[in-house]
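The values are calculated or read from the model by the stated rules, or taken from the named source; none is laboratory data. Everything quoted here is computed from the prediction, not taken from an experiment. Positions of Cβ are backbone-derived with ideal geometry, glycine not excepted, and every protein chain shown enters the neighbour counts.
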Amino acid sequence: MRPRLRHRSAAPLLALGLVLGAAGTAAAHVEVGSPTAQALAVDAEVAFSAEGESSTAGITDVKVVLPAGLAPADLTLAKAPAGWTFTPTAEGFTVAGPALAPGTAAEWTVRVLQLPDAASLVFKTLVDYSDGHTDRWIELPQGDTKPQHPAPVLALTPAAPGARALPTDGVTLFASGSASPPASASGSPSASPSGSGSASAPTVAAGGGEDGGGTTAVVLGAVAGVAVLAALVVLVLRRRKSAS
């Protein structure tokens, strides 16, 4: 009876072990969090953690796709593994460096200029390993079905009362003096290029064509008069010479 009981009890334990093992595998993913997870929060730090799933290869880089409302230029690296660097990309950014030890999580933090006005932010993430394997954490929930490789999601609380979006890049450039202000920005029509003194120069040149022609005629007339006078002097001298 005892061997039979042991055999019967082993089956549930084996099944429980398989369930726990599957849960452990599914739990390995990319986490994202922030102490200031609030819409329109300024200078917010967002922390990521990508678990190392391989026992033989280490994480070498992580590629993140930014959600709508965030631009790569709005982010800077605040913390990362030793030797890792931050590189903006067309769709987001990459953090990369020397391969981490197998099983070690890649943890990094970025500083965001301002979080967008949204309820949540999805950061689709690719995790590359030293053996060439890539974990793709990019799936989103479909109804009641939970994805096997979910993308990390940062939930945001509503914006604080009175919070506003920061000025756009165009206004920032104008304020820094790297771009010329538009006519509407100055509030004065005279600030537009058409009202400046340099812009009126072509008008003066166009109107000055007649004065230029008159001056030329006077100069030519004076030259002709000098030539006639010289001819008369030469003629007089010749007559005196012939008379003598």
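Of the residues making up region 103-137, those that are among the polar types (S, T, N, Q) and part of a loop (DSSP other than H, G, I, E, B) are Thr104, Ser130.
Answer yes or no: is there a residue in region 95-102 that is small (Gly, Ala, Ser), in a loop (DSSP other than H, G, I, E, B) and free of Cβ contacts under 8 Å to residues at least 12 places away in the same chain. No.
For region 160-178, indicate whether the set of residues that are at pLDDT 95 or above, surrounded by fewer than 15 Cβ atoms within 10 Å (Cβ to Cβ) and assigned to a strand (DSSP E or B) is non-empty. No: region 160-178 contains no residue that is at pLDDT 95 or above, surrounded by fewer than 15 Cβ atoms within 10 Å (Cβ to Cβ) and assigned to a strand (DSSP E or B).
Being at pLDDT 95 or above and under 20 Å from Leu100 (Cα atoms) holds for only one residue in Glu45, Glu51, and it is Glu51.
Any idea which residue in region 138-155 is nearest to the chain's Cα centre (by Cα), counting only those that are part of a loop (DSSP other than H, G, I, E, B) and free of Cβ contacts under 8 Å to residues at least 12 places away in the same chain?
Filtering region 138-155 for residues part of a loop (DSSP other than H, G, I, E, B) gives 138, 140-141, 143-144, 146-149, 151-152.
Pick out the ones that are also free of Cβ contacts under 8 Å to residues at least 12 places away in the same chain and you get 141, 143-144, 146-147.
Details: Pro141: 29, Gly143: 34, Asp144: 36, Lys146: 33, Pro147: 31 Å.
Among those that are part of a loop (DSSP other than H, G, I, E, B) and free of Cβ contacts under 8 Å to residues at least 12 places away in the same chain, it is Pro141.
Within region 68-80, the residues that satisfy the criterion of being part of a loop (DSSP other than H, G, I, E, B) and either buried (at least 18 other Cβ atoms within 10 Å of the Cβ) or in contact with a helix residue (DSSP H, G or I) (Cβ under 6 Å, 6 or more places away or on another chain) (or both) are Leu70, Ala80.
Residue count for region 54-87 satisfying the condition of being within 12 Å of Leu100 (Cβ to Cβ) and charged (D, E, K, R): 1.
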